[in-house]
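A quick write-up on the structure given underneath.
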Amino acid sequence: MNKIIEEVNERLKEILSSYRPGLVKEAMIYSVMAGGKRLRPLLFIQTLRAYSIDYHEYLDIACAIEMIHTYSLIHDDLPGMDNDDLRRGKPTCHKQFDEATAILAGDALLNESMNVIIRMNLDDALKVEVLRTLYNASGLGGMIYGQQQDMYFETHTVTLDELQAIHHDKTGALISVPMKIAGLIAKKEDADKLENIGFKLGLAFQIQDDILDVTSTTETLGKKVGSDIENHKSTYVSLIGLETSQKRVEELFEECLADVYDLQLNHGLMIELFQIIMKRVN
């Protein structure tokens, strides 16, 4: 896994270094290279590997996904959203630079992620399908809608079903889409099944976040703990308690593993990544 992360990081550096100089470029580099887990690129690459496909030809898709994820974090941290001071143990982008630069850096990462894919040497039909799938998941069809609902329910009572729907879009969309795109490349008939696994994985990941927000420390987590309570956010922990939330995470991972075993691919490669996610502490 570490070798793959290093490859993704090196390619991200190459992409980012090509942009015109200035504060926005510096903010983009600062945020993208701040030491993230690269979960979404890993999901994409590991799924390709599970189908015995050389991922190097598609590395820029992994980078584009990470650029979109980073843009979402920059904007999430802004004063008008979650107003966070720390991200990955470092000052958030708007704290390190300024609010206007952070907004532009996020905008640029989203914009340039599209150009990264457009410049790839892929079959045109596949390229259009990748773009359509990725930007539907990151837009009003997915992540942005989830962010909207998340903000709405800061001042409204939320049910467990409504909270799950928020997580499905806000977190699940950008965790499931790497697996779906890998399926479109490797075996189209599996794409929807992989997407469904990704949504379950995304929900488990978000419930883990809810748990860590009340059980971890700022030093371990790399961001302020207790921020959900401070921002009046309903979480799985606040709705169903810590123990039941942990049990739900375990159930979701078991469902993911069972669903993977129904696919004809290298199960070991997928399970390896799932186990890393299951054991995460930040």
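The values are calculated or read from the model by the stated rules, or taken from the named source; none is laboratory data. Everything numeric in this text was worked out from a predicted model, so none of it was measured. Heads up, the Cβs are rebuilt from the backbone with ideal geometry, glycines too, and the neighbour counts pull from every protein chain shown. Side chains are part of the model used for accessible areas, which takes the heavy atoms of the whole protein and leaves out ligands, DNA and RNA. Shrake-Rupley method; radii C 1.70, N 1.55, O 1.52, S 1.80 Å.
Summary of computed values
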read-out	value
The lone exception for Glu162 - which of (1) farther than 30 Å from Gly241 by Cα; (2) acidic (Asp, Glu); (3) without any contact (Cβ under 8 Å) to a residue 60 or more places away in the chain it fails	(1)
Ala105 farther than 30 Å from Glu255 by Cβ and open to solvent by less than 50 Å² (accessible area, probe 1.4 Å)	yes
Number of positions in segment 114-143 that are over 22 Å from Asp192 (Cβ atoms) and of a type outside the set (Asp, Glu)	7
From Tyr152, Tyr145, residue being modelled with pLDDT of 95 or more, within 22 Å of Leu73 (Cα to Cα) and more than 13 Å from the chain's Cα centre (by Cα)	Tyr145
Count of residues meeting criterion [under 28 Å from Ile118 (Cβ atoms) and out of contact with any Asp or Glu (no Cβ under 7 Å at 6 or more places or on another chain)] in segment 51-92	23
Selection status of Gly106, within 28 Å of Tyr55 (Cα to Cα) and at pLDDT below 95	no
Check on Leu122, in a helix (DSSP H, G or I) and open to solvent by less than 60 Å² (accessible area, probe 1.4 Å)	no
Unique match (being of a type in the set (Val, Ile, Thr), farther than 24 Å from Thr47 by Cα and in contact with a His (Cβ under 9 Å, 6 or more places away or on another chain)) among Thr159, Thr155, Thr218	Thr155
Count of segment 14-37 residues which are modelled with pLDDT of 95 or more, surrounded by 13 or more Cβ atoms within 10 Å (Cβ to Cβ) and among the basic types (Lys, Arg)	1
In segment 194-239, the residues that are in a helix (DSSP H, G or I), out of contact with any Gly (no Cβ under 8 Å at 6 or more places or on another chain) and modelled with pLDDT under 75	Thr218, Thr220, Leu221, Ser227, Asp228, Ile229, Glu230
Odd one out for Arg38 among (1) touching a residue at least 24 places away in the same chain (Cβ under 8 Å); (2) on the phi < 0 side of the Ramachandran plot	(2)
Segment 48-78, subset of a type outside the set (A, V, I, L, M, F, W, C) and in contact with a Ser or Thr (Cβ under 8 Å, 6 or more places away or on another chain), residue nearest to Asp169 (Cα to Cα)	Ser72
Selection within segment 48-67 - open to solvent by less than 10 Å² (accessible area, probe 1.4 Å), more than 12 Å from the chain's Cα centre (by Cα) and β-branched (Val, Ile, Thr)	Ile61
Residue in segment 182-218 that is farthest from Asp259 (Cα to Cα), counting only those that are touching a Lys or Arg at 6+ places or on another chain (Cβ under 6 Å) and open to solvent by 40 Å² or more (accessible area, probe 1.4 Å)	Thr218
